[in-house]
Every structure is written in C-alpha cells, then in structure tokens.
C-alpha cells in the first residue's frame, strides 16, 4: 500500500465514522422528541409525564453535546495527523532533547495524551456544569472538579509513565516479538490496577464507609450467603458529593472483592429493592461476565499489539498519516498513531460489543429473579430510570449501536415474564 492510498483510506474511514455518529445521534434526538409527550403504556402508572419529558430533554441535551464532541474530536485527530501536529511536536522535542532519543520518545507520547486530555476538559465541564446542573444532578463544585482532574493526572503519572517507559523499552530492545512481551506487561499492569483500585485508587476520590447494621445489611449478607459469594466488605460511597445519580458496583478481584453502594442509591431504594439490584450484580459474577470481559479485553489487546508490530514496519503507515519520525522516535510514533487512529477503523464493531453486554444484562436479571423477587428489581429499575432521567424511548438503531443495557421496555418485559413463570 502506498502512503497516498492509506491517506485516502484513513480520510474515508474518519468521514464515515463521524457521519455515522451524527446520523445515529440525529435519529436518537428525533425519536426521543417524537415520543416525549406520551409515557409508554407499561410505565404510565409509575412514571408521570413530567418525569418522562425531563428524561427526553436530558437525553437530547447529552446527545447534542456528543455530536459537537464527535466533530471536534475528528478535527483534533486531523490536526495531529494530516495537518502536521505530531510532526511539529517531534521537531520541538528533538530541539529540546537532542541527546536522549528514549526520553524524547517517552515525552512525545506523554505530551500527546496530555494535550488530548486537556482538550477534553471543556466537554467534561459542559456535561457537569451545564447539562448535569440544568437537570438537577450536579453536586460538584468547580474546586472539586479541578481537584479530581489533578488527582487523575497524578495517578496517570505515577502508574502510566513507568508503564509507558517499560513499553517503549520493550519495543526497542525485544526484537520482532516485542509485542508479545508488551502484551504480558499490559496484562500484569491491568490485573494489578484491578487489585489496587478498591483500597488505593478509589479512596483518593471518594469516602467509603461500612454499610451500617440494620435491615439492609441483614438482607445483603443473607443474599451473599445464599449465593455463596465471598466479599471483603460492604461499603457506602459518598457519590452525592458529585452527582445525584445512584448506582451500585463490585470492585476488586478474588478475595479482595468489595460491594459498593452509592449513598444516593441507599437513600432512594427500599431494602428489598437494593437486595434485588445486588442480586443482579451477583449474577454478573455467577455467570463469569467479568472474567469473560477481561479475557476478551486481553485477546483484543494481543491482536492489536500484533497488528501494531506489523504496522510499525510499514513506511506508508507513518507517511500516510503525516508523520516522518527519526529512527529514535519510530516506536513512540507508531504507538501514538495506532492509539489515535484505530478507533476510527474499529468504530463499526461497537454494535457487537453492545450486543454482548446486553445479553449479559439479561442473564444477570435472570439470576436476580431466581435469588430475589423479580418484582423488586422491576420496582428498583423504574425508580432508577425516573431518578436518573433515563429515556424510556430510545431510538432502536441508536440503542442497538451504543447501549450496554437493554432498553427499559425490553428489560422490564423480560422480568415480568420471569416473575410470572
């Protein structure tokens, strides 16, 4: 393949991905707006029209922002590649660090992704202080927003820079099989983060208190005993410091697993409903969804690194994307280009991953219906749909493409069948 041909292929793929995103977003906006004045019949007795309209407005606002973000992201990518941004950065770093190619490579990757993160900040601000604020979800102050950003940057430096240095060293010194060694290092790093996250990383951002004694704790412990699930602890997280949204999740691996409830969830749902939500989360573990997703992630990363190993030896890959690195920066340039450009080519695979995720949600719901009351899970989901302003009428095509959870009507309908079985 020539560099000119690859430039055309990349440009066409980028245009197609952006056009598809905008088309899907437009469908979502029109579909939600068209159904905003009538609550679906299955929810009419539990969700009022004002709440339904609010959810429609919230969904439309978030979708419109995503459209702007998609177009902006495409221009940033073009700026980095075909418009010469990466090549200019390589020249600047060469003048600043002429005697240290390896340090120059580390700095190149770090600076590119620092710039990317800074360019994403205005959109994060708009989501938090425009949309979330407008719809009554925001509890975060500007000071906390920037404190979180600073902490995330510090974590990225402490954990990410050593990994980056190791990856670039392996790419440089491990021969043609470097991609296999990098994959092994990446896998170990990810497992390590999963182990460290509950006790080291998460407490940097939130406070975690043991779930207090009472009916809820009694129900949760009884459910865990029935399911044979071992946990390192039951915790309530101060999610209300940042948002009015409610959630619950598992974190950690092996015996270090923790169960975490947002304080907003505990305050809104009744104990039987929280028990049902937890039973759903236990279903993910019982069906080994977490392990399957980790295995899939590792398989995809292995294939991706093999592909990167091949592309890093092709001159047209660099030249077709507007980069002509020196020998010392080849590995760093290949890594950056690959991470920036591959999402353009893999975008159309998104519906496959969404379909797998929705299947896992149905399986977890079925587990919950066996170990708790399906009616309690339905009641909990309806409250969460209402409180979180989740639309009950997503566009079917948009939902199939993006949504990791089944549409509300399908999910509630399936649970209704399970409760009557």
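The values are calculated or read from the model by the stated rules, or taken from the named source; none is laboratory data. Remember, it's a predicted structure, so these values are computed and weren't measured experimentally. Don't worry about glycine lacking a Cβ; one is built from the backbone with ideal geometry, like all the others, and counts go over all protein chains shown.
Okay, here's what the table says:
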{"read-out": "Residue within the range 406-415 that is within 26 Å of residue 77 (Cβ to Cβ) and part of a helix (DSSP H, G or I) present", "value": "no"}
{"read-out": "Residue in the range 1-22 that is more than 26 Å from the chain's Cα centre (by Cα), assigned to a helix (DSSP H, G or I) and over 24 Å from residue 349 (Cβ atoms) present", "value": "yes"}
{"read-out": "Top-ranked residue in the range 296-311 [being free of Cβ contacts under 8 Å to residues at least 40 places away in the same chain and under 28 Å from residue 94 (Cα atoms); ranked as surrounded by the most Cβ atoms within 10 Å (Cβ to Cβ)]", "value": "311"}
{"read-out": "Test: residue in the range 43-53 that is crowded, with 19+ Cβ neighbours inside 10 Å and not in a helix (DSSP H, G or I)", "value": "yes"}
{"read-out": "Single residue of the range 213-233 satisfying the filter (touching a strand residue (DSSP E or B) at 6+ places or on another chain (Cβ under 8 Å) and within 17 Å of residue 269 (Cα to Cα)) that is surrounded by the most Cβ atoms within 10 Å (Cβ to Cβ)", "value": "220"}
{"read-out": "Scope the range 218-253; condition under 30 Å from residue 131 (Cα atoms) and either assigned to a helix (DSSP H, G or I) or at pLDDT 85 or above (or both); matching residues", "value": "235, 236, 237, 238, 239, 240, 241, 242, 243"}
{"read-out": "Which listed residue is under 21 Å from the mean Cα position of the chain (by Cα), over 21 Å from residue 171 (Cβ atoms) and modelled with pLDDT of 95 or more, from 288, 293, 359", "value": "359"}
{"read-out": "Filtered residue count, the range 180-213, keeping only those that are free of Cβ contacts under 8 Å to residues at least 40 places away in the same chain and either under 30 Å from residue 376 (Cα atoms) or not in a helix (DSSP H, G or I) (or both)", "value": "6"}
{"read-out": "Meets criteria (buried (at least 17 other Cβ atoms within 10 Å of the Cβ), touching a residue at least 60 places away in the same chain (Cβ under 8 Å) and outside any helix (DSSP H, G or I)) for residue 140", "value": "yes"}
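One line per residue, one yes/no per condition, for (1) within 21 Å of the chain's Cα centre (by Cα); (2) not in a helix (DSSP H, G or I):
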residue: 297; (1), (2): yes, no
residue: 323; (1), (2): no, yes
residue: 329; (1), (2): no, no
residue: 332; (1), (2): no, no
residue: 340; (1), (2): yes, no
residue: 343; (1), (2): yes, no
residue: 348; (1), (2): yes, no
residue: 367; (1), (2): no, no
